[in-house]
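So the structure is just underneath, and the comments pick up after that.
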Amino acid sequence: QGAISAYAQEAVLAVQEAGLMNGLGNGSFAPKGETTRAQAAVTIYRVMNSL
């Protein structure tokens with residue numbers, strides 16, 4: 001959580017609680033890391049199915 005900027009912490013918690021993003025394998029987030037195509041596809045799929 002320390003790597004997530006203060007302004008984004010609430011949003012990260014919201015998407016995690018909504019089940020849209022689960023973070024990396026250990027549940028942590030890498031806000032400065034690169035997103036893979038697979039990660040983006042899963043996120044888009046989950047968002048579309050939550051509508």
Just the residues that are at pLDDT 90 or above, of a type in the set (G, A, S) and more than 17 Å from G2 (Cα to Cα), please, taken from the stretch 13-51. A18, G19, A38, A40, A41, S50
Residue hits (the stretch 23-51; closer than 17 Å to L13 by Cβ and of a type in the set (S, T, Y)) are S28, T43, S50
Test L13 against the criterion of being among the aliphatic types (A, V, I, L, M) and either part of a helix (DSSP H, G or I) or touching a Gly at 6+ places or on another chain (Cβ under 6 Å) (or both), and give yes or no. yes
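The values are calculated or read from the model by the stated rules, or taken from the named source; none is laboratory data. These figures come from a predicted structure and were not determined experimentally. Cβ sites come from the backbone with ideal geometry, for glycine too, and all protein chains shown count toward neighbours.
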